[in-house]
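Chemist: Here's a structure for you.
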Amino acid sequence: MDKAPHITASHGPDGGRSPADLLRRMALGACGAPPLAAPTSGALTTLGEEDEGTSSAPAQIPAGIFAMPKPRASMAFASWQSYWDKKLEVLLPGRGGTFNVYVAGDSGPVVMCVHGGGYTGLTWSLVARRLKDKYRVVAPDMRGHGLTTTDNDTDFSKQTMSEDIVAIWEHMFGGGSSSEANSGGGGGGGEAGKAPEPPASILVGHSMGGGLAVWAAASKRIRRLEGVVVIDVVEGTALAALPHMMNVLSGRPASFTSLEEAVAWAVRSGMSRNKEAAAVSMPSQLLQRQGGGGPWTWRTPLELSRPHWEGWYMGLSEAFLQLSCPKALVLAGTDRLDRALTIGQMQGKFQLILMPTAGHAIHEDEPERAAEHLLGFLRRFRVGEPPLQFPRAPTGTRPSLPVVAGPVLGSGAAGGQPPAASYGQR
């Protein structure tokens, strides 16, 4: 298994830590475990080895980290069309609504990306731009997020949302009359009267979306699922962080006077360390009420998802390890693997990728490097490619016996003498 490359650690904007990073440190402190230290020289250090002097005290959120800065200059907002080829309204009566889905690329294996809580499909925009030449990137807005509308937008349960993922995939690629399975490479034409074979697919999920991707994969309803990539979520750390989540949510600004102010806050707070990513992702997370002249407020009421937080992550590590397809776990380098994941990583059950210079939203903070890791995963495990064929000898060919190299004991020793050693053919 390939090892992750060495990356020098760095801090976020203004040398501070994002709320998500501080939340992780607080969770690690609650667990009584220090975070993994970023590598400083040579290769990555052995997982779990820290200096004896490392402090495990939980960090406190500094006052003013959530304060709204004044934008310094005008900001350009790129449309979704700059990154995606089309935006679909996927009507799923069985799921009680219409799901907004962004699609980039028209051929090749499917890379279905599931966003984290509060984000939308546009969080994957910069990654999609990098992948769409060879792959079909599909990023839905989950229920209660973005432009998706359902008859129950506050049902954030693990079962409901993971089934939404499966239903979207089945509608688009399951081989039905309304699916896009034939829209190029990887789908196969199929025989007359038969539904075409669906394209090879992988699931990629960030934070909440990482847990949902695992549960969707565990249902075994996504045919030709050839990989799962989970970004910056570990069961133990996530569960330990839950008691602090309401404080983090209540510490966010309730509203913004402009989109420029919202993007400036996202970059300053570390929610997204990449200004371009924040400019395309942050507006989709907000909603302007009062006829278009009022403040911008959060579109998703994340506080209403609180009853479901534990369900997203409880048992996640074992479910992840039990998936039969190739797997990768991408971390910002500050999480502590729990016991199950530590053992699984030592046994080579999944690929561990550390990106210690990124924050929680790895794919927004460092989209180029994140895309390179995804491309490496797709190539390494030959997603969508036929299995390697090894040549076979023609029928009737006699097997070739190996030639003995080295001393060979002679036969027929006489006179009680031991057999002589021969270096060559007898």
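The values are calculated or read from the model by the stated rules, or taken from the named source; none is laboratory data. As the structure is a computational prediction, the values presented were derived from the model and not from experiment. Cβ placement follows ideal geometry from the backbone for every residue including glycine, while neighbour counts extend to all protein chains displayed. Accessible surface is based on the protein model in full, side chains and every heavy atom, while ligands, DNA and RNA are left aside. Shrake-Rupley method; radii C 1.70, N 1.55, O 1.52, S 1.80 Å.
For (1) touching a residue at least 60 places away in the same chain (Cβ under 8 Å); (2) open to solvent by 50 Å² or more (accessible area, probe 1.4 Å); (3) within 30 Å of Met172 (Cα to Cα), each residue gets a yes or a no:
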position: Glu226; (1), (2), (3): yes, no, yes
position: Asn247; (1), (2), (3): yes, yes, no
position: Glu261; (1), (2), (3): yes, no, no
position: Ala264; (1), (2), (3): yes, no, no
position: Arg268; (1), (2), (3): yes, yes, no
position: Ala278; (1), (2), (3): yes, no, yes
position: Gly294; (1), (2), (3): no, no, no
position: Arg299; (1), (2), (3): yes, yes, yes
position: Glu303; (1), (2), (3): no, yes, no
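Chemist: Tell me which residues, restricted to the range 271-308, are assigned to a helix (DSSP H, G or I) and among the basic types (Lys, Arg).
Modeler: Result: Lys275, Arg306.
Chemist: If I filter the range 101-117 for residues that are among the small types (Gly, Ala, Ser), at pLDDT 95 or above, open to solvent by 10 Å² or more (accessible area, probe 1.4 Å) and within 16 Å of Ile231 (Cα to Cα), do I get at least one hit?
Modeler: Yes; the residues of the range 101-117 include at least one that is among the small types (Gly, Ala, Ser), at pLDDT 95 or above, open to solvent by 10 Å² or more (accessible area, probe 1.4 Å) and within 16 Å of Ile231 (Cα to Cα).
Chemist: Any chance the range 183-193 includes a residue that's among the polar types (S, T, N, Q) and modelled with pLDDT of 95 or more?
Modeler: No, every residue in the range 183-193 fails to be among the polar types (S, T, N, Q) and modelled with pLDDT of 95 or more.
Chemist: Considering every residue within the range 192-215, establish whether at least one is closer than 27 Å to Leu375 by Cα, assigned to a loop (DSSP other than H, G, I, E, B), among the charged types (D, E, K, R) and touching a residue at least 12 places away in the same chain (Cβ under 8 Å).
Modeler: Yes.
Chemist: Here's another thing I want to ask about it. Could you run through the range 201-225 and say how many residues are among the aliphatic types (A, V, I, L, M) and in contact with a Pro (Cβ under 8 Å, 6 or more places away or on another chain)?
Modeler: Total satisfying the criteria: 1.
Chemist: Which of the numbered conditions does Glu260 fail, given that it passes all the others? Conditions: (1) charged (D, E, K, R); (2) under 19 Å from the mean Cα position of the chain (by Cα); (3) assigned to a helix (DSSP H, G or I).
Modeler: The number of the failed condition is (2).
Chemist: In this structure, is Arg268 among the basic types (Lys, Arg) and farther than 15 Å from Glu364 by Cα?
Modeler: It is false that Arg268 is among the basic types (Lys, Arg) and farther than 15 Å from Glu364 by Cα.
Chemist: Read through the list (1) assigned to a helix (DSSP H, G or I); (2) closer than 30 Å to Gln288 by Cα, then give the number of the only condition that Thr154 fails.
Modeler: Of (1) assigned to a helix (DSSP H, G or I); (2) closer than 30 Å to Gln288 by Cα, only one is false for Thr154: (1).
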